[in-house]
Amino acid sequence: MLKKKGIFLIALLVMSLLVFSACSGDKEKPQEQAQENSQQVDEEVIKIGIFEPITGANGAGGAMEEEGVRLANKLYPEVLGKKVELVLADNKSDKVEAANAAIRLVEQEKVNAIIGSWGSSLSMAAGSIVKDAQVPAVAASATNPLVTLGNDYYFRVCFLDPFQGDVLARYAAEKLGAKKVAIIKEVSNDYAVGLAKFFSDAFIKYTGDENAIVAEVNYQTGDQEFSAQIQAVAKENPDVIFAPGNYTESALIIKQAREQGIDTPFLGGDTWETPEFLQIGGEAVEGVVISTFFSQDFPITEESKVFLDAYAEHGQFDEPAAVTALAYDAYLVILDAIERAGSADPVAIRDALAETKDFEGATGYISFDENGDAVKDVVMKVVKDNKFVYLDTISPNN
Amino acid sequence: MKRKIITSLIIIGIVIAILMLLQNTLDNFKLRILNLAGIYVIFAVSMNLINGFTGQLALGHAGFIAVGAYTYTLLVMDSDLKSMNFFLEPIVPFLSSVHWPFLPAVIMGGLLAGLAGLLIGAPVLRLRGDYLAIATLGFGEIIRTVFTNTQSITNGSLGLKAIPMPKSFLFIEMKNAFTWWVWTAVIITVIFHFLLVSSSYGRALKAIREDEKAAEAMGVNIFKHKVWAMVISSFFAGIGGALLASLMTTIDPLMFRFTLTFNILLIVVLGGMGSISGSVISAVVVTILMEWLRFLDQGFMGLPEIPGLRMVVFSTLLLLVVLFYPRGLMGNEELSWNKITKMFQRFHMQPREVRK
Amino acid sequence: MNLLEVKGITMQFGGLKAVANFNLNIDKNEIVGLIGPNGAGKTTCFNVIAGEYVPTQGKVFFEGRDITKSRPDQITKLGIARTFQNIRLFKDLTVLENVLIANHLNLQSNIFSATFRLPWYQKEEKIMYERSLQLLDQLKLTQYKNEKASSLPYGLQRRLEIARALATQPKLLLLDEPAAGMNPQESKELMYLIQELRDKFDLTIFMIEHHMPVIMGVCQRILVLDYGVTIAEGTPKEIQSNERVIAAYLGVEHIA
Amino acid sequence: MTLQEFLQNFANGISLGSLYALIAIGYTMVYGILRLINFAHGEMIMVAAYIAFYTVFIFSMPWYISFFIAIIITTIVGILVERLAYKPLRSSPRVTILISAIGVSFFLQNLGIVLFTGRPKAFQVPTLFSQVYTIKGVNIVSLTFFIPTITVVLLILLVYVINNTKIGMAMRAVAKDYDTSSLMGIDVNKIISVTFGIGSALAAIGGIMWSMKFPQLTPTMGLMPGLKCFIAAVLGGIGNITGAVVGGFILGLTEILLVAFLPDLSGYRDAFAFILLILILLVKPTGILGEKIAEKV
């Protein structure tokens, strides 16, 4: 009896070992090749990993950033006379998968640097991995402060939520002359929760009114029915409704609000700047004001033009999304760092990145602060005739 | 008694040998998959206890995993890490200063998950079949929703990051301490469940699965036994959750959607409801397969890269297995020698076939 | 004092009265039979006694203790074991396991000492095995002990059910149509078996049976139920000559 | 809150509830026959929505034709799913079929991701359904009148079919006792296929309504409605069509009104559905209209 038990357990372990070695055995071959290759041609090829959610809930955002990186790669395929090779790793909008994808990039593909990911929580999943592996990562649009906080190897080319929230609050208070604001936020979305908090703090500061936020209601990612939340907010008849969240839900919120006969202006963040937001929202989203990274109506740098022309040529939409431009910049920043470092060694790249100062990117001049966060202007846009139209630029130092 | 000690010593010896071998040969990526596989083994085996052996269709596993993960995380983080993470809304005072070592934190994670299992099981285990399924699934979702909204405790959807990983195993500093912890936990889980189901209580659980009325007529207190099964199952789920949090070094509520429960349920069914060895094998295989199938996404054999193709293939494989081996890999049998030899051959073939 | 005392139980399912004001006293070591046409409410009576249903009216006393509202497993613990009309074995488990499970209720050690195989549990487990094997031996099932219950032929399954019931160490044994589907030979054996068991385990037996030879052969006392009402009670002889019974049974008799 | 606000919320609740009810009917029918939680039901919604989308978008058909096509194709898909994924498992344990159902929904979702990409598509709502009427300050989209009407009409139709037609009788027989009815010479497979057909058709109608109310298609769009409507079906007593409708309305109204009255709890809204479900199940284990099935001993 007992003997059998022992045997069984031993067997079981042998089994799991066998299964493991068997399957990873299959994996061995291509990898070995991959590694051999990378050993031989390491001299000529520099690998940059695209770490994005191509499938799953954030698939859209990931795809848009991938587009930006590929576009940049098309324009600038070489650095230090070496070819730059892009390696895509889909993190499936899932944290566990994201961690696997990231470690796969650094361990298996031996990339020199990583770009991504759309969605702060996914970037965070890679955080400790790139840190331990000492491979620098540059996020394009991950605006959650936690992404770079206490991690020397994570950078980002976009501004942070605290600043964005402040700008939006200032805009609401000064430009829109709002006294009372209501907030509808996607409570299961770190970005939305953060932005909402920073916004309300700043707004209270600017209005000097403790109860300037008249209502704050929540919804969950994936919800589609918001009439109850909308009613709860409308009841306080605010001057402005601030609704940080994913564009998918947000478009529906605004649509439903208009259907309910509520015409309070809506204010939102960078995530809304997607073609889908306009398509789904239709005329309901007319007049919606958002803060974002960059505007094509108002090219900031030489690079902006280059990017816009290139996009007009190869882009899949008639207008590039901001995150596409940011991903484009992420690639450029890395290339610039490699150039300055004069080597593709990840640590060297990291050090060079940290030094980045007033780099001329498509979305403006990029310098990293001690956290590895870009200090950048915020661009305000309004939806007019189902297009995002440039409104204003607000820079950190004023 | 003596013989048991000897056998368990042998087992442990072998495990150590295997782990030695693996952790020296495998790179971090494979090592990570190995750890993940171990954690999924814990999830699958524990879920099998309530679903496979007791025959109660309970789908709240993700919730218990979440409880374990969060408990562990909040206990092991030191106050600096916490103040870094809780930059929006400060953490409730009574948690801000606690700072436990790895092992006690993991165990506490299990205990609280077990408690959750008790609180949830007590009311809903009176329900049967699909009603139980939907009710437990609901509880899983409720737990998640609560964690999303209680920001001052869980940091809500911002999640928690920089969760420390153990640097030492049993006070011995070593490179892959975590792998050792995980697989120790796996061994303990497997042995525990194996001993449990082969004990008189295990027989009672099986009796409940076979025929509740008859079991009751034989003097088995059905409710008590169901609740026990639920509590133990959720305890180990919590342990697994704690380990998952440590492996991920970051967690947030969205990790614990009911799709996680489904994934585990799939593993259990593939391995065979009521077969511990089955769960172990299928957990390992599925975890590895999921990674291995990645090449499908990257575009292969001249095909362009098709994001998501991997999942299509995976779900197809899954359907095929369910359709052609409805009882799973092992049914409710356990591994036996001749089975092993069969497997042995099968898995030895595999690499060769691939080489061709 | 009676071992079992059923005082005027009435069982109502929505509209229909399955059992109306059913009374019964059973003394120690009696073998009492309960007969009646199909749907007369016999099994319902069993289910009330076994705690499956709580009666709409009336009370059930076992050894003077009120068990009307107790759960089936509690009642089994007190010493009432039963078999089922439509056999309910643990099909996927072995014959031995089936009997072992019935020993579970007497287990003292808790779930953890059982899991960790602590000495006292091992002692208990040893006893369980011995008792079960002994029981299988007495019911001539030893040779099948490692076979799945579902693989046994019908007659043996019925016998296994009895073995399983006995393993709970009952004082009162409720047999629900033990002879159903048996040929004359088997049912004759069953008759002897029942009496043998009564003496060996010093049991009291209350049985439902359609099979007149068996009933008449083993029971000292018989109750006749028709449409939930007790229409007759007495010794086999009295029952056989009772017009109401014959009336109730017209046409049913020779089928059974 | 003012009466007008309440009425507005009430209207919203009704329109959501009727949508739940509509989809819940399909769930409950399938369950009634097969005793199977058809997790793939939600994906039928997705399938219908995308077909409707593409037929309008690419072939630029008039909406009524494209809706009709969508319903037909979805029905066929539903029957196929049953034939391929459930029929072979009739004899095996329930949980296996459940897994198969989950597998199917997995498969359809991922196939959707490959075919339609994860990016959401905007569904063009025919103007007929998108006009906004204002009655006593209460704003109502015309769709809000259509959905309940359709739901009720379908309900009456189904109840009639099930109670007064031969096929309906057969369905009830199969639902009551699978084996016996096959012995009675009822072609069980045919009945089950028909049931799945009807169920999927209902899912399709529901899906189209859903994507007109929430004009945004993603491959995973079926997940939430699938879950919510199953809850609705269980609430009302699964297997009971009228119950499904009742459950749908109750769920829709409570969801809306709870947020309306306690906006601070809006973050817990998705949990409401489950809490409500569990509470009702604990009080009445077979749902509101579900009849108690006492197991024969």
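All of the numbers you see were taken from the coordinates with simple rules; none came from a lab. Here the structure is a predicted model, which is why all the values come from computation and not from measurement. Cβ sites come from the backbone with ideal geometry, for glycine too, and all protein chains shown count toward neighbours.
The figures follow:
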read-out: Exposure rule at most 15 other beta-carbon atoms within 10 Å, DSSP loop chymotrypsin sites (Phe, Trp or Tyr not before Pro): chain B longest free segment; value: B:1-170
read-out: Per-residue HN-Hα couplings for region A:61-77 [Karplus 6.51, -1.76, 1.60; θ = phi - 60°; Hz; x = Gly/Pro]; value: x, x, 4, 5, 5, 4, 3, x, 5, 4, 4, 4, 5, 5, 6, 10, x
read-out: Chain D: relative contact order as a whole-number percent, Cα under 8 Å and 6+ apart; value: 36 percent
read-out: Rg ratio (alpha-carbon, reference 2.2 N^0.38 Å) - region B:1-151; value: 1.30
read-out: Region A:71-118 and region A:274-295: distance between their alpha carbon centers, rounded to Å; value: 30 Å
read-out: Amide H within-cut-off set for A:Val214, under 5 Å, with H built and near neighbours excluded; value: A:Val181, A:Ala182
read-out: Fewest-first sequence of D:Met209, D:Met224 by Cβ atoms within 10 Å of each Cβ; value: D:Met224, D:Met209
read-out: Cα-based reach from D:Lys190 at 20 Å (exclusive), listing lysines while leaving out same-chain residues under 8 positions away; value: D:Lys87, D:Lys166, D:Lys176
read-out: Relative contact order (%) - criterion: Cα under 8 Å, at least six apart; region: region A:162-292; value: 25 percent
read-out: Of all DSSP beta bridges in chain A, antiparallel share, percent nearest 5; value: 35 percent
read-out: Per-pair calculated FRET efficiency, R0 = 25 Å: C:Lys28 and C:Gln138 via Cβ, rounded to 0.05; value: 0.75
read-out: The protein assembly as shown pair-distance distribution - Cα-Cα, 20 Å bins, rounded %; value: 10, 35, 34, 15, 5, 0
read-out: 5 angstrom amide H check on C:Ile231, placed H, neighbours 5+ away; value: C:Val224, C:Leu225, C:Asp226
read-out: Residue-by-residue Karplus 3J(HN,Hα) for region C:114-130, coefficients 6.51, -1.76, 1.60, Hz, glycine and proline x; value: 5, 4, 8, 6, 5, x, 4, 5, 4, 4, 4, 4, 4, 4, 3, 4, 4
read-out: Residue-count net charge about B:Ala66 - beta-carbon cut-off 13 Å; Lys, Arg +1, Asp, Glu -1; value: +1
read-out: Cα-based shape type of region B:2-257, given that a ≥ b ≥ c are square roots of the gyration tensor eigenvalues and the cut on a/c is 1.5; value: oblate
read-out: Restraint check, A:Lys197/A:Lys381; C:Lys7/C:Lys148; C:Lys145/C:Lys237, Cα-Cα greater than 31 Å; value: C:Lys7/C:Lys148; C:Lys145/C:Lys237
read-out: Rounded Å value of the spacing that divides the Cα centres of region B:117-192 and region D:112-181; value: 39 Å
read-out: Approximate spin-label separation C:Glu147-B:Thr25, in nm, with each point projected 7 Å along Cα-to-Cβ; value: 4.7 nm
read-out: Tensor-based shape of chain D (alpha-carbon gyration tensor, a/c under 1.5 rounded, otherwise prolate or oblate); value: oblate
read-out: Computed [θ] at 222 nm, helices only, for the protein assembly as shown once each DSSP H run of length n ≥ 4 contributes -39500 (n - 2.57); value: -18500 deg cm²/dmol
read-out: D:Arg90-D:Met169 FRET efficiency (beta carbon distance; Förster radius 22 Å; 0.05 resolution); value: 0.55
read-out: Nearest-ten-degree value, helix A:322-341 long axis tilted from longest Cα axis of chain A; value: 50 degrees
read-out: Phi to ³J(HN,Hα) by Karplus 6.51 cos²θ - 1.76 cosθ + 1.60 over region B:56-72, Hz, x for Gly, Pro; value: 9, 6, 9, 10, x, 4, 4, x, 5, 4, 4, 4, x, 4, 5, 4, 3
read-out: Fraction of beta bridges assigned by DSSP in the protein assembly as shown that are antiparallel (%, nearest 5); value: 50 percent
read-out: Relative contact order of chain B, pairs being alpha-carbon contacts under 8 Å that are 6 or more residues apart, as %; value: 28 percent
read-out: Exposed trypsin sites (Lys or Arg not before Pro) absent: longest stretch of chain D, with sites in DSSP loops and at most 10 other Cβ within 10 Å deemed exposed; value: D:137-291
read-out: More than 23 angstrom apart: percent of Cα pairs within region D:1-131; value: 47 percent
read-out: Cubic angstrom per residue, convex hull over Cα atoms of region A:162-292; value: 86 Å³
read-out: Cross-link pairs A:Lys179/B:Lys161; A:Lys92/A:Lys131; C:Lys28/C:Lys126 - those with Cα-Cα distance over 25 Å; value: A:Lys179/B:Lys161; C:Lys28/C:Lys126
read-out: Under-5 Å amide H pairs with B:Gly274, H placed in peptide plane, nonlocal only; value: B:Gly52, B:Phe53
read-out: Pairwise centroid distance, computed over Cα atoms, of region C:145-202 with region D:217-259, Å; value: 50 Å
read-out: Residue pairs, from the table C:Lys42/C:Lys188; B:Lys224/D:Lys284; B:Lys206/C:Lys17, whose Cα atoms sit over 27 Å apart; value: B:Lys206/C:Lys17
read-out: Approximate spin-label separation B:Phe223-C:Lys123, in nm, with each point projected 7 Å along Cα-to-Cβ; value: 3.3 nm
read-out: D:Leu265-C:Gln240 pseudo-label distance in nm [points 7 Å out on the Cα-to-Cβ vector]; value: 7.2 nm
read-out: Prolate/oblate/rounded call for region D:162-297, Cα gyration tensor, a/c under 1.5 rounded; value: oblate
read-out: Which of B:Ser199, D:Ile156, A:Leu267, positive extreme of dipole for the protein assembly as shown (C-beta unit charges); value: B:Ser199
